[in-house]
1. Please list, ordered by chain and number, the residues whose modelled amide H lies under 5 Å from the amide H of B:Gln105; skip anything fewer than 5 residues away on the same chain.
2. Would you mind listing the distances between the A:Lys100 label point and the same position in each other copy? Use 7 Å along Cα-to-C-beta, nm, one decimal, shortest first.
3. Can you grab the distance from the C-alpha centre of the range A:105-163 to the C-alpha centre of the range A:46-84, Å, no decimals?
4. What is the average number of partner chain Cβ atoms found within 10 Å of a Cβ in B:62-70?
5. What does the structure give for A:117-123 when I average, per residue, the other chain Cβ atoms found within 10 Å of the residue Cβ?
6. Using Cα springs under 10 Å in a Gaussian network model of chain A, which residue among A:Arg37, A:Arg152, A:Arg98 shows the largest mean-square fluctuation?
7. Estimate the FRET efficiency between B:Thr80 and A:Ser78 by the formula 1/(1 + (r/R0)^6), using the beta-carbon distance for r and 22 Å for R0, to the nearest 0.05.
8. Counting only other chains, what is the mean number of Cβ atoms within 10 angstrom of the Cβ of each residue in peptide B:45-58?
Number of protein chains: 2
Amino acid sequence: MVDKRDEAETDIIPPGMLALDQQLCFAVYSAAHALNRTYKPLLDPYGLTYPQYIALMTLWEGDGRTVKALGAKLGLDSGTLSPLLKRLEAAGYIMRARDKADERQVLVTLTDKGRAMQRDAVAIRMEIGKATGCTLEALQALTGDLQAMTERLEAGAARDDAA
Amino acid sequence: MVDKRDEAETDIIPPGMLALDQQLCFAVYSAAHALNRTYKPLLDPYGLTYPQYIALMTLWEGDGRTVKALGAKLGLDSGTLSPLLKRLEAAGYIMRARDKADERQVLVTLTDKGRAMQRDAVAIRMEIGKATGCTLEALQALTGDLQAMTERLEAGAARDDAA
DNA sequence: CAAAATCATATTGCGCGCAATTTAATTTTA
DNA sequence: TAAAATTAAATTGCGCGCAATATGATTTTG
C-alpha cells in the first residue's frame, strides 16, 4: 500500500487524527450527559441526583467513611462533597458526625433509608444496562478502555503538577 | 464449557453484570472529568472553558448559526447556551445579533479573535491526543462505541418521552 | 512545650446543565 | 384578519464541580 500518495497522506492524516481526538472528547462529554439524562427519571422518584447516587453506592461498599475517603473514590473534593452530603443527610439517606478520635474528620454513615435504597438500585442498574443497548462483553470492554484512558490522563496531570 | 455449574452461574452473572454497568456509568463520568481537567490548563490561557471551546469548534465548522442550531449540535438548551454565549461575546470571540428576517432568532458569528483561535486549537488537540495515550485506532474505536451507545440512550429517552 | 506546618472539612464565587417559566416574534386556524 | 398556538431566546432556581480561601484540629519541629 506504499505508493506515490504517501506524501499526500502525511498531510491528510494529522488533521484526521486531530478531528478524531476532538470527537473522542466530545463523545465522552455527550455520553456522560446521555447517561445522566437516562438516570434522571429513574432517580427522581427518590429525590436523588446521579452524584448523590454514586456517593451512596460508595457507602454501600463500605459504611462509615470519611469525606476525604469518599472524595478519593469519587474524584471529588470537599467543595463538591460537603454540600452534597448535607443534602443527602437532609433527605434522610445518611448521617454525618465528627470523628471523636480526630475531630477534623467527618464520618459518613448510612441510615436505614440509605441501606434500603441499595435494594431499589438493582432495578435501576438493570434499566440503565438495557438502555445502553450493549452486551455484557461490550460494557466490560468499554469500561476497561475508559478506565485505562482515565488513568493515563490522571497520571499526566500528576506529572504536570510535579513539574 | 456447559457443565453442572450453569445453574450457579445464572445466579452469579446478574450481580456481575449489574456491578459492571455501574462501572460503565462511573467510567464515563470519571473520563469526562479527567478530560475536562486535562483541557483546563490548555484553555485557561485563553480564558475559555471546555463548553465554550466546543461552541467555538461548532462555529469553525459553520459560522452564523442560530442558538438553536448550536444547541442541537452540542446537546444543550438555551438555558445553558444563552449565558455561555454572552460570556464568549464579552471575551471577544463571537458576536450575537438578532436575525433581521426572523427576530426570534439570534445569529452567532465569529470575530477575528474567534477565527484566530482555530489555529491555536491544533496544538491543544495534539496535547489532548497525547495525554490520552491512545493510538489513533483506539481513539477511533472508543469514539465510535461511545457515539453508538449515546445514540441508543437518546433513542430510548425519545421513546420514553413519547410514551 | 510552643510555634509552625499540615490536615480535614466547610465556605464562597463562578460556570455549566437542566427544568420551568417568561417574553417577544411568527405561524396557524377559525 | 383576529385569536390561538407555536417558536426562539432569555431568565430563574437549584445542584454539581472546582479554585481559592477560611476555620479548627492535629502533628511536626525547633
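1. B:Asp99
2. For A:Lys100, the inter-copy label distances come out at 7.8 nm.
3. A separation of 12 Å, based on Cα centres.
4. Details: counts 0, 0, 0, 0, 0, 0, 0, 0, 0.
For this peptide, the per-residue mean of nearby foreign Cβ atoms is 0.
5. Numbers: counts 0, 0, 0, 0, 2, 3, 1.
Mean number of neighbouring Cβ atoms from other chains: 1.
6. Result for chain A, Cα springs under 10 Å: A:Arg152 fluctuates most.
7. Values: r = 26 Å, r/R0 = 1.19.
Computed FRET efficiency for B:Thr80 and A:Ser78 comes out at 0.25.
8. Details: counts 0, 0, 0, 0, 0, 3, 1, 0, 2, 5, 0, 0, 4, 1.
Mean inter-chain Cβ contacts per residue within 10 Å come to 1.
Read-outs: derived from the displayed coordinates by stated rules, not from any lab. Every value quoted in this text rests on a predicted model; they were computed, and no experiment measured them. A quick note on method: Cβ atoms are made from the backbone with ideal geometry, for glycine too, and the neighbour counts reach across all protein chains shown.
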